[in-house]
Amino acid sequence: MQDIKDVLDAELSTPPAPTFDVAATLGAGRRAVRRRRLAAGGAALALALVVGGAGVTVASQFGDTRSTLPVAVANGVASDGLAPTDGLVDESPAGYDPQDDDVVLVRDGWEVFERVEDPVTGLEPTTGGGPITDSVALALRKGATTTWVVLYRFAKEGTTVATQGGGGVAETETESGFATLASWLDHQRTLTFRKAGR
């Protein structure tokens with residue numbers, strides 16, 4: 001009888017291990033908030049573009065922010081469709097040109113070292129907006145900072161809209177916890193995007 005009591009005392013004397021990591025949970029929550037803000041910004045941009053005369057509004061609001069410096073790209077990375085800029089409306093180092101659907105703007109001082117065409121084309125954001133008709137993912141670096149970016153566009157609606165609506169997600173390598181663009185994209189496909197029509 002004393003043996004059973006000793007065994008129970010030994011087993012119950014140490015508290016059970018925590019069921020989750022508080023720091024990791026808080027970090028994941030902060031990353032989710034950033035993603036939602038970027039998605040909301042993309043939705044707001046799409047809404048602004050749908051309003052009549054959006055092309056004129058966008059042109060006057062953003063002005064021509066293209067830089068005269070070339071976009072820095074690593075060996076083997078295509079530079080077609082990339083244009084330099086000295087300003088964007090959010091914190092992302094890259095974004096679609098609000099005046100030209102075929103151009104991706106890259107902030108001065110950032111190098112594109114990896115590029116993936118159409119990584120989420122055919123999907124739709126979990127926040128809604130419809131099927132994605134065009135997308136690009138970029139791995140960019142500036143000094144010691146590496147940032148993953150995925151940009152996407154929806155189909156044009158009507159003939160009066162100058163450009164397509166869309167959005168994007170950007171996260172630094174440190175914030176995301178992913179060491180490669182491919183692994184980050186796999187995560188984003190399950191977290192931020194879903195099959196169209198679901």
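The values are calculated or read from the model by the stated rules, or taken from the named source; none is laboratory data. Computed from a predicted model, the values in this text were never measured in an experiment. As a convention, Cβ positions derive from the backbone with ideal geometry for all residues, glycine included, and neighbour counts pool all protein chains shown.
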- Condition set among the polar types (S, T, N, Q), touching a Leu at 6+ places or on another chain (Cβ under 8 Å) and in a loop (DSSP other than H, G, I, E, B), scope the stretch 127-181, selection modelled with the lowest pLDDT: answer is T163
- Identify, please: which residue in the stretch 83-109 is touching a Pro at 6+ places or on another chain (Cβ under 9 Å) and assigned to a strand (DSSP E or B) and is, among those, farthest from A170 (Cα to Cα)? P84
- Task: Among the residues of the stretch 76-97, count how many are in contact with a Ser or Thr (Cβ under 6 Å, 6 or more places away or on another chain) and in contact (Cβ under 8 Å) with a residue 60 or more places away in the chain.
- Result: 1
- Task: Output the number of residues of the stretch 111-126 satisfying the condition of being over 16 Å from the mean Cα position of the chain (by Cα), assigned to a loop (DSSP other than H, G, I, E, B) and modelled with pLDDT of 95 or more.
- Result: 0
- Pairs under 7 Å by beta carbon, first residue more than 22 Å from L123 (Cα to Cα) in the stretch 166-183, partner among the aliphatic types (A, V, I, L, M), six or more apart or different chains? E173/A179
